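The structure appears right after this line, and notes come after that.
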Amino acid sequence: GSTTTDKNTRIRHANERKVRFGTNVSTTEYTRDGRIKLPGGSNSQKQQYLPQKSKYEEDVYTNGHHTVFGSYFHKGAFKWGYKDDHSLMKNAYYTGAAGRVANN
């Protein structure tokens, strides 16, 4: 009676909690070359490619820079920076060759 109802309620709440906190309840299967396996599993069916999703934008140049932050590592300061002017501050403005001389 009530134990079956309680168990079903607990399972339903657990599934809702998984969805709420970002746990994926449904699964998607992929082939070795990155295509989605379609339902039925027949390899003769046309399968679609998905673009690879990334959390971060790539090759975004900010504040006049020609390289991305993290393209240069200063061993003495043990910090990452911009390769074009050796600036070690993220979101700093591009200072050109004069800035590179000053930052070395």
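Values quoted throughout were computed directly from the atomic coordinates according to the rules given, and no laboratory measurement underlies them. All figures in this text were calculated on a predicted structure; none of them were measured in a lab. Cβ placement follows ideal geometry from the backbone for every residue including glycine, while neighbour counts extend to all protein chains displayed.
Values for this structure:
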item: For L88, net neighbour charge (Lys/Arg +1, Asp/Glu -1) across residues whose Cβ lies under 15 Å away; result: +3
item: Cα-Cα over 29 Å, subset of K55/K90; K7/K55; K53/K90; K53/K75; result: K7/K55; K53/K75
item: At R0 = 35 Å, FRET efficiency that the Cβ-Cβ distance of R12 and K53 yields, to 0.05; result: 0.75
item: T67-Y30 pseudo-label distance in nm [points 7 Å out on the Cα-to-Cβ vector]; result: 3.1
